[in-house]
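Structure, as structure tokens:
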Amino acid sequence: MKRMPSSFLVMSLLVMLFLYLPVVILIGLSFNASTMGVAWKGFTFQWYEKLAMDQGILEAALNSVVIALLSTGMALILGVGTAIGLETRQKRQRSWVNMILVLPLVIPEILLGVALLMVFVLCQVHLGFGTIIIGHMVFNLPLTIVIVRARLRKLDPAWEDAARDLGATPWDVLTRITLPLLRPAIWGAALLGFTVSLDDFVVTFFVAGPGSTTLPLKVFSMIKTGMTPEINALSAVMVVVSMLCVGLSWAVQQRSTPVSSVSSY
Amino acid sequence: MLNHRSDTSFAFPVKVSLLSAGLFLGLFFFLPLILVFGVSLASRGMYGGITWIVTWENYQRVFDPLVGMIFLRSLFLAGLTTLICAVVGFPLAYCLSRASKPWQLILLTLVMIPFWTNFLVRTYAWVLILRADGILNSLLIGVGLLDAPLSLLFTDLSVFVGLVYGYLPFMVLPLVVAIERIPPQLEDAAFDLYASMGGMFRHVLLPLSTPGFLAGGVLVFIPSLGAFITPYLLGGGQNMMLGTFIQQEFLVARDWPFGSALSFGLMGTVLLTWFLLGRMSVEKEPS
């Protein structure tokens, strides 16, 4: 790092503080014994103990995990194949396909929420687990496709060509060459999708029905009904869980598999 | 290059997933958006339902001064957020792109983590900081700078802080990508030609970072414009933005046609921004 203006370094440090201080404060307060306000009244685990015994929160946590697993799983099943199919298409088609794929990730979530709500209500679909899973798939599917395609583009097609030359059927090529080579991207996409689904609030808020409360919905209603230290503990847990998932996804995707060219052997 | 994947022999499951993914997004993404436009032209029924009588009335209401205010406030807050994110994010992005490899990975991960961390919870953290008996007020009173707590929460300022906090990583990452593409030799060349530090930034670094600013601008401006959680938690009922207003029309007032018109207005603005900034970045792309 030569000639880095010191003002830039100071500024960067401040920005990092700005990004992390609120989260640190939140986690710190979750150990505060005080029931009201932010003054420090001693260290305690009692809010976490309370969480662990709150039936409503446990149920919401279970709902969240089930919804995240199902929406991510189905997004993977559809997304991996779609990514492989799209990468083999001609270049011309790609630009508008890209546009269509990125659109669900770009438009404000609230648009997706109200649009889906109207479709479901007008078609008299019962709001609940099913509608939430569909809602989450609308962003999880493009997310999976984008991540898997990025990996595919780095893979040398010679691996597949070699398999075909040796007489492999398309099915063999898919299951014994392409999919194993894509494994890191698939795991990465799965973990990321799981996190995004677990954390989603806006779309869930619009398409959830009674009895399908997820963890973010629970946090939201707790914030609305009044501040309790329990929210801090629950928030801290959620922050740590999503950080772990994202960290894991990052690590998995960094793991190297043979992406370099076959011809170098 | 690597684009020679033969497109003749697809395995059967690939065909099935291509077809069903297309069908899924068509059914649950594009159809709903088209429906929003359709409903925005309908009228509100007696008890909050939809009456299918075609009318422009919902769009005329968008020009109502009160509604216009909310539109303008959203545009203003989103614009200001984008600007400040660019100003604040650039130094960090620069340090990141010129750092040594191990440091770069660590710092990049640190910027990425909040990006994927629960947005609701991160915004809620600001409630704890800004509310009347929150961290900031307690601190200022404790130090003796204040006698009575300031009302920081439920202001335009708190919404603005929340938006910058929420979307800053979206600006930093594209900027890092853009700055990494600028060869450091260009900076040296500028200094060899007696440019000052400021001159080098103005004439070399900033212009060449334009693609990053444009991409980051799209990624910050669009979600800020349609933000819901931030104005809801930090803005309260008085400081509404488009997101909270749309939610209110749908879930509280139950005026779906008007809510749809607002949504369609938001979508139009979003697509226009995306298109314009996207075009600018194509033109700026070094050939």
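Order A:148, A:65 by their accessible area, 1.4 angstrom probe, all chains in place, largest first. Walk me through the numbers before you get to the answer.
Numbers: A:148 0, A:65 55 Å².
My answer, sorted largest first, is A:65, A:148.
Just tell me, in residue order, which DSSP H segments of chain A are both 30 angstrom or longer along the helix axis (alpha-carbon based) and at least -0.5 in mean Kyte-Doolittle hydropathy. Display every interim value, and only then the final one.
Values: long enough: A:6-29 (33 Å, 2.50); A:55-87 (46 Å, 1.49); A:129-154 (37 Å, 1.07); A:229-254 (38 Å, 1.29).
Qualifying helices: A:6-29, A:55-87, A:129-154, A:229-254.
Restricted to Cα positions, what overall size does the stretch B:40-162 have along the principal axes? Three whole-Å values, descending.
63, 46, 24
Find the percent of Cα-Cα distances in the stretch A:53-257 that exceed 20 Å, and round it to a whole number.
Numbers: 13013 of 20910 pairs.
Every Cα pair in the stretch A:53-257 considered, those over 20 Å come to 62 percent.
Expressed in nm², what is the orientationally averaged projection area of the convex hull enclosing the Cα positions of the stretch B:59-284?
On the way: hull surface 64.1 nm².
The orientation-averaged projected area of the Cα hull of the stretch B:59-284 comes to 16.0 nm².
Express in Å², to the nearest 10, the accessible area of residue A:238 obtained by rolling a 1.4 Å probe over the protein heavy atoms while all chains stay in place.
Probe radius 1.4 Å; accessible area of residue A:238 about 10 Å².
How big is D for the protein assembly as shown, in µm² s⁻¹ as a whole number, if Stokes-Einstein is applied with the Kirkwood radius of its Cα pairs at 37 °C and 0.692 mPa s?
Numbers: Rh = 25.4 Å.
Here the translational diffusion coefficient equals 129 µm²/s.
Treating cross-link reach as a plain straight distance, find the aspartates and glutamates whose alpha-carbon is under 17 Å from the alpha-carbon of residue A:218, omitting any fewer than eight places away in the same chain.
The reachable aspartates and glutamates, counting only those whose Cα sits under 17 Å from residue A:218, are A:54, A:59, A:199, A:200, A:230.
Under DSSP H, which helices of chain B have Cα atoms covering 18 Å or more of the helix axis and a Kyte-Doolittle average no less than -1.0? Mind dumping the intermediate values first?
Working: long enough: B:12-25 (20 Å, 1.68); B:65-97 (45 Å, 1.80); B:101-116 (23 Å, 1.25); B:156-180 (35 Å, 1.74); B:210-225 (22 Å, 1.61); B:256-284 (41 Å, 0.84).
Counting only whole DSSP H runs, the qualifying helices are B:12-25, B:65-97, B:101-116, B:156-180, B:210-225, B:256-284.
Where a ≥ b ≥ c are the square roots of the eigenvalues of the C-alpha gyration tensor, would you call the stretch A:1-137 rounded, which needs a/c under 1.5, or, failing that, prolate if a/b is larger than b/c, or oblate? Write down the numbers at each step before the final one.
Numbers: a/c = 2.61, a/b = 1.26, b/c = 2.07.
Here the stretch A:1-137 falls in the oblate category.
Take the Cβ-Cβ distance between residue A:34 and residue A:69 as r, set R0 to 45 Å, and report the resulting FRET efficiency rounded to the nearest 0.05.
Working: r = 37 Å, r/R0 = 0.82.
Efficiency for this residue pair is about 0.75.
The values are calculated or read from the model by the stated rules, or taken from the named source; none is laboratory data. Owing to the predicted nature of the structure, the values given are computational and were not obtained by experimental measurement. For neighbour counting, all protein chains shown are included, and Cβ atoms are generated from backbone atoms with ideal geometry for every residue, glycine included. Keep in mind that these areas ignore ligands, DNA and RNA; they rest on the heavy atoms of the full protein, side chains included. Shrake-Rupley method; radii C 1.70, N 1.55, O 1.52, S 1.80 Å.
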